[in-house]
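The values are calculated or read from the model by the stated rules, or taken from the named source; none is laboratory data. Given the structure is predicted, the values throughout are model-derived calculations rather than measurements. Cβ placement follows ideal geometry from the backbone for every residue including glycine, while neighbour counts extend to all protein chains displayed.
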Amino acid sequence: MRVAICFLSTLFFVGSSIAQNIKGRVASGGASLPYATVAIDGTASGVTADENGNFVLSHLKDGAYQVSAEFVGYQKQYKRVNIKNGQDVTVNFELKEDSNLDEIVISGTLKPVLKSDAVVPVEIYNPAFFAKNPTASLFDAVQMINGVQPQLNCNVCNTGDIHINGMEGPYTMILIDGMPIVSSLSTVYGLFGIPTSLIERVEVVKGPASSLYGTEAMGGIINVITKDPEHAAKLSVDAFSTTWLENNVDLGASYKLGKKVNGLFGGNYFKFGERKDKNNDGFTDVTQQERVSVFNKFTLKRPENKVASLALRYVYEDRWGGETNWDRKKHRGGEEVYAESIFTNRFEAIGMYQLPTTEKIYTQFSYIYHGQNSMYGPESYDAKQQVAFAQAYWDKEIGNHSLLVGGSFKYTYYDDNTRATGIYDENGLVKNQPQETPIPGIFIQDEWTLNKKNKVLLGYRFDYDKTHYGIHSPRVGYKYTPHPHHTLRGSFGTGFRVVNVFTEDHRALTGAREVVFAEKLDPEKSYNANLNYTFKLPTNFGVFNFDVNGFYTYFTNKIDADTDTDQTKIIYANLDGHAISQGVSLNVDMTFDIPLKLMAGVTYMDVYRKEDGEREQIYHAPKWSGNFIASYNFGNGFSADLTGDWKGPMRLPRVEDDYRPEYSPWTVLTNVQVSKKFNNGLEVYGGVKNLFNVLPKEDPIARWWDPFGEPGNGVTPPNGRNDVIFEPNDYSYTPLQGIRGFLGVRYNIF
């Protein structure tokens, strides 16, 4: 009897440990999804469903498992499964379609709507997109976006701005959580202090948005949405270094203060201290930089999920570039060794609070302090700017109308040591006059749903400037959706911008040119039109998403910096004529049944000015440009990314007797990355930037051998060089950094 009991017990034990199965079916709307992928998360176990969507995960022991099912063009679904007592388990998956069209966006209409429902076309880019080519700043990261061009404006201090569809940086408004953060003084230097570690997504609107965001949004918007503290990782670390010894560290940590307050802390440190001079011109190829950025965001849990948040950020940066034998203690501000040295201190506060009323009434505010102490050779530029912004708006649904009514107030204080804020005579400063600019405004927007296929957007904004009086910014948009996979959008709007040369144009501060204002500068005005068509094409082997966008902008009173009339001067004046930016762009997103994803974009644009019957191309606006991304998942956590951007010839500013060509050559910057993800939240990545070692064919700095010389002073130039003035700006079409490797690590705990 005992033998029989032992035998039966052994059979029971063996049977209970025999591997069992999880089986089921993957479908959507009752229709099978053939060859869908089903896997057990955290392991290498996975299968492909058959032609009827059926699957079997076999050889599993008793225990708890998280099983996922995914199919190209559909949302990934997770289910928790428990196997016990040696029994098979049946699990069926019902996937929802997800062509990346139904993400939530806010930049087009100032309130959250589904991307597919938005009248204004909005492009969305998440952290995974930017991680395909790791960078240390938002300025470098947006280079991967078709139609968006980060442009270096100085080959000594490496400052720049972001162009959208060929329009210069000041026409681009940079927002953080919907608040206007980067503009005016920080247009040149503030872009480098936004870490990528705390970005939830980046929304890009190409075209007019003045009726909602004010007069500076003439060319487009880049809205950086930061992560929600409640859903952010408990700890995130991202650190990498390059063979040039560029070191970058991003830290993030979410936490709770009591039961109602969630917090998110972030920090960024970037350091590059190598004096590289690969082209042997005596100047640093890349600016030396040390930057620290600290960020903290708080959200408050309130009844009925009403919004309350506060974000604070501080940025300190020390950068310099110039002759490689420059010494800060000996040479800063002197005329012996040339360099440009900039210290930046910046503080930002951003808040949002929804009133405790039955109506949806929101209030927002931001405050910015930007202090800058700079030396451009012997020239000093010491500036301070404070910007306070507040607005309130009412979000109301009335029938098939979605109304937005609000008011705003922007106050700007600006002071520097230039003629922009002072009265001078032959003896120097007579009186300092800081600029104080209050601009109140009101706006209204109506999103009118005519029926399921047609929607109209009407908007109007009125701002009042004490110098230029009333500023009117109307806006109209239309959306037509004849089929869920096809959408046509059109929009029209106007723009108005008051220019502050010293805060927006680096050329006014550096180099050997004299700044001349030919006249009192009138504000710029623009008229913008956009036409957008998106469509989705499902196939038997994958899903294709197409986005075609046509754009047209007409400028009056455009302010240009004339560097051609007199090579010793930079002359600012309103254009006696008009300027036009027009073109078309195409984005294609391809996701295949195999673990391959392709993205590609191409933009054609014609950006020119016309004065006295003569047409002239605008600087730094290539007629052809584009990008490409290829990502492949090898399984077991291994993946590879090939990224790149390319530009056709673009017109570049030169000096008199310049040996350099007027148009740049075609350039292609290509990067490759391989990464490995582990089950414990660790990821290791590495690769090569500028794979084909693309470099400028000419030295970008004119008269680099004698930065303090004057025209005709008798200094003998090198062979083949006839430059007669020192000019370190603008002649830039590709970085001076050639091929270099990088290696990094990411770690996340949720």
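Can you say whether LEU457 is at pLDDT 90 or above and crowded, with 17+ Cβ neighbours inside 10 Å, as far as the supplied structure shows? So LEU457 fits the description; yes. Can you pull out the residues in region 275-295 that are more than 17 Å from ASN247 (Cα to Cα) and surrounded by fewer than 16 Cβ atoms within 10 Å (Cβ to Cβ)? Answer for region 275-295, where residues must be more than 17 Å from ASN247 (Cα to Cα) and surrounded by fewer than 16 Cβ atoms within 10 Å (Cβ to Cβ): ASP277, LYS278, ASN280. Picking from residues in region 574-586 that are part of a strand (DSSP E or B), modelled with pLDDT of 75 or more and not β-branched (Val, Ile, Thr), the one that is surrounded by the most Cβ atoms within 10 Å (Cβ to Cβ) is SER581.
Which residue is surrounded by the fewest Cβ atoms within 10 Å (Cβ to Cβ), if the candidates are limited to region 24-59 and must be among the aliphatic types (A, V, I, L, M) and over 24 Å from PHE638 (Cβ atoms)? Even if it seems obvious, please write down each step before you answer.
Taking region 24-59 and keeping what is among the aliphatic types (A, V, I, L, M), we get 26-27, 31, 33, 36, 38-40, 44, 47, 49, 56-57.
Subset that is over 24 Å from PHE638 (Cβ atoms): 26-27, 31, 33, 56.
Details: VAL26: 26, ALA27: 20, ALA31: 8, LEU33: 23, VAL56: 13.
Of everything passing the filter in region 24-59, ALA31 is surrounded by the fewest Cβ atoms within 10 Å (Cβ to Cβ).
When the residues of region 52-70 are filtered to those that are touching a Phe, Trp or Tyr at 6+ places or on another chain (Cβ under 8 Å) and not polar (S, T, N, Q), the one that is farthest from ALA27 (Cα to Cα) is VAL67.
The single residue among GLU698, GLU683 that is part of a loop (DSSP other than H, G, I, E, B) and assigned by TED's automatic domain parsing to the domain that holds GLU340 turns out to be GLU698.
Here ASN451 meets the list (1) within 19 Å of PRO523 (Cα to Cα); (2) assigned to a loop (DSSP other than H, G, I, E, B); (3) among the polar types (S, T, N, Q) almost entirely, failing just condition (1).
Can you tell me which residue within region 332-367, out of those that are touching a helix residue (DSSP H, G or I) at 6+ places or on another chain (Cβ under 9 Å) and either closer than 19 Å to CYS154 by Cα or of a type in the set (A, V, I, L, M) (or both), is surrounded by the most Cβ atoms within 10 Å (Cβ to Cβ)? Result: ALA339. Report, by residue number, each residue of region 363-392 that is in contact (Cβ under 8 Å) with a residue 60 or more places away in the chain and among the polar types (S, T, N, Q). Result: GLN364, SER366, GLN372, SER374, GLN385. The C-beta contact set for region 316-336 (first residue more than 30 Å from VAL294 (Cβ to Cβ) and of a type outside the set (S, T, N, Q), second residue modelled with pLDDT of 90 or more and in a strand (DSSP E or B), distance under 7 angstrom, 6+ apart or interchain) comprises GLU323/PHE283; GLU323/ALA339; HIS331/ALA339.
Within region 638-674, if we keep just the residues that are closer than 29 Å to PRO595 by Cα and polar (S, T, N, Q), the residue that is surrounded by the fewest Cβ atoms within 10 Å (Cβ to Cβ) turns out to be THR670.
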